[in-house]
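Let me begin by presenting the structure, written as structure tokens, before commenting on it.
The values are calculated or read from the model by the stated rules, or taken from the named source; none is laboratory data. Source: prediction; values computed, not measured. So basically every Cβ, Gly included, is an ideal-geometry build from the backbone, and we count neighbours across all protein chains shown. Each accessible area value is taken on the protein alone, full model and side chains, heavy atoms only, with ligands, DNA and RNA left out. Shrake-Rupley method; radii C 1.70, N 1.55, O 1.52, S 1.80 Å.
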Amino acid sequence: MLKAFSLKRLFLVYRLPLTIVLCLLSGLDVFRQPDLFFLDRAFQWRGPRDPRPELAIVAITQQDFERGAPRWPWPRSLMARLIDQVSSHGPAVIAMDILYTERSNTESVFTRDQFAEIQPYLYHVLSGEELRIQTREGTKVIGPGDAGFDLISSGAASAKAQDSELAGSVRRAVDNGVQVVLAAQTVTGNRVVGLSKPYPELAEAGGSLGLVGVRLDQDGVLRRYIPFGQDKEGRFVYSLALEAVAKLQGADLPGRPLAGGDVQLVGGARIKAPGGRFLVNFRGGPGTYPTWQAGDVLRGAEDFSSRLKDKIVFIGVTDPSSEDLLPTPYSGTQRMAGVEFHAAAADTILSDSFIGATPGYQRIILVALVAIAAMALGRFPRPLYGFGGAVLLLAGLTGGWFGLFAGADYLLPLAGPLAALIFGYGVALADRVGVEQLEKRQARSMLSRYLPPDIVKEMLKNPVDAQLGSKRAELSVLFSDIRGFTSLSEKLDPEVVVDLLNQYLTVMTEIIFRHGGTVDKFEGDGILVFFGAPQFHENHPEQAVRTAIEMRDRLDELQDLWQERSDEPLRIGVAIHTGEVMVGNIGSSRRMDYTVIGDTVNLAARLQDLTKEYGASVLISGATRERVKHMSRLRSLGSVDIRGRQQQVDLYEVEGVSR
């Protein structure tokens, strides 16, 4: 069996490996996925915030399709009319989150000249059904035979006209002082690197390019924004949100980002994107940014100038059929459209609310410190205090993590430190429990040799009381001895003597334990016992006397065996004295005994020597007699001189006790 002290040393052995393993796991980014889970919870617990006022969205929504809009994708000439309408309300920037990389096929054409005629009844016309409208001039019919209707429904215009209409709308917006950012996308694959750009006529219309591609995290959630990419010549192209913000601020984009991934706008904001990506600081879930339906804008029935003027207006699709809806930390069961994600990224840039993250080496240091602290708490001398410290450490970690995120847009790692706290505290506590159990088993085994089981249990409940030291207490001390044992041991073989002695001591020890006595030691055939410690009993003199009488009476059980191996009958002498002693663990830190010392012990030993002289089995002193006279039949033997004592001692023989 391992010694307790060697198990304690295992604490030093496992502390270092456990800390190293946790640090390696942190360094290898094993806690990345749990940290993303906690990041989502942090967004949700923080709650929604007001978005930047410079942002608005014009979206092709599910409601548009429910009201009769054509299926997606819309004809480019219709999108051209939408750009014209948005541009007429004076936005600062129009950011298109719709890719037009190829020329179109032949579709219905919505020219500027004919659009005004059908604008108020747009979706009715698109349905292909005749529409009758009552006016002051009478009934007006929009349907077959109407020039605008026929042009739209016939699809007679060429594909070139479609592309020309869209490019023309962008050119007009730019000419009117509205900056336009067109969607582009980087292309990467097997031996393919490049940029998917708008078709030539649209690309030459005067708008700049903005990347719209996104990349999900490993768990399929959209959290990070990619601010730039490269074309096949290695030139840097920036994202839709970044281009839009630069246009709004009148800043120029650099030829290339900084070495660490940040982008410093010339005369504008700095985009903090370590590693070429940044966490979007979402203001809320879907619907956070003011969104206007494309159909309402196209009809022109309302004036949107107060809602769109001098803003970045993102144009995109939010209808589920576009398959551009993705999960975000805030969205939950409602997914967020890509155009809203670009708006959220632009919000992060405009508000300079980039989420700071802890560098890798600091993560490792934090995990190591928490692991060491947790293991120290698990080994704390007082387990309740250790548990309280672990709870406080947990509260400090989670409180600091959430407080920094909500108040300072800084993301502390939480999964790694939590793992360090749980495993560090758990392993240390398990080790502590194992060591204590081993120590208790060893202590129980040792104490059971001279203490009754219930007293052993009591001592183990209060181990602090069993530390090295002693105290003054009034006890009753009992000495017993086998008469003539010395001469008997000379006649018999040592093996026989030991066998007889073991049987005798076994019976006597059972009696002593039954009456709550503590066996101090065996000295050959002699037994030193005391009553009243470590578990105090007010009636310890009575316990001692009852023990002595039962020891005397139980000799009959051993007489046959004893006389079988020797010619002498088994007889004992027992003496008891009550008085003050020093009792406790006495010795060195490496070896101690639970024992009693003092004049009371010496006197009890002297009285035991007198049992043979007086031919008595049980003798007690006058001090003991005062405490047991109500329950004992006593015979006074007078006062006797004791070697080494100036005063005489009253001596009594105990003949019996009452039940």
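By a 1.4 Å probe calculation restricted to protein chains, residue 174 has an accessible surface near 50 Å², given to the nearest 10. Cross-link pairs exceeding 28 Å in C-alpha to C-alpha distance, out of 232/309; 457/629; 232/272, comprise 232/309; 457/629.
Taking every alpha-carbon pair under 8 Å whose residues sit at least 6 apart, the range 171-301 reaches a relative contact order of 17 percent. Across 521, 309, 491, the residue with the most accessible area heads the list, and the full order at a 1.4 Å probe is 491, 309, 521. Figure note: 387, 522 ranked by solvent-accessible area, largest first, 1.4 Å probe, ligands and nucleic acids not counted: 387, 522. When both the range 543-608 and the range 33-48 are represented by their alpha-carbon centers, they are found 73 Å apart. The alpha carbon gyration tensor of the range 560-607 gives principal lengths a ≥ b ≥ c with a/c of 1.5 or higher and a/b no greater than b/c, which makes the shape oblate. Taking every C-alpha pair closer than 8 Å and separated by at least 6 residues, the mean separation divided by the residue count of the range 518-586 gives a relative contact order of 20 percent. For the listed peptides 572-579, 422-429, 207-214, a ranking on the average number of other beta carbons within 10 Å per residue, highest first, reads 572-579, 207-214, 422-429. Measuring only protein heavy atoms, the 1.4 Å probe finds residue 25 accessible over about 60 Å².
Accessible surface comparison of 14, 100, 614, probe 1.4 Å, protein chains only, largest first: the order is 614, 14, 100. Apply the a/c threshold of 1.5 to the C-alpha gyration tensor of the range 264-360 and tell me whether it is rounded, prolate or oblate. Oblate, because a/c is 1.5 or more while a/b does not exceed b/c. For residue 228, nonlocal amide neighbours, meaning residues 5 or more places apart or on other chains whose placed amide H falls under 5 Å from its own, are 239. Estimated at the nearest 10 Å², the accessible area of residue 252 is 100 Å² with a 1.4 Å probe. Classify the range 251-313 as rounded, prolate or oblate, taking a ≥ b ≥ c as the square roots of the eigenvalues of its Cα gyration tensor: rounded when a/c is under 1.5, otherwise prolate if a/b is larger than b/c and oblate if not. Prolate, since a/c reaches 1.5 and a/b exceeds b/c. When both the range 201-239 and the range 256-329 are represented by their alpha-carbon centers, they are found 13 Å apart.
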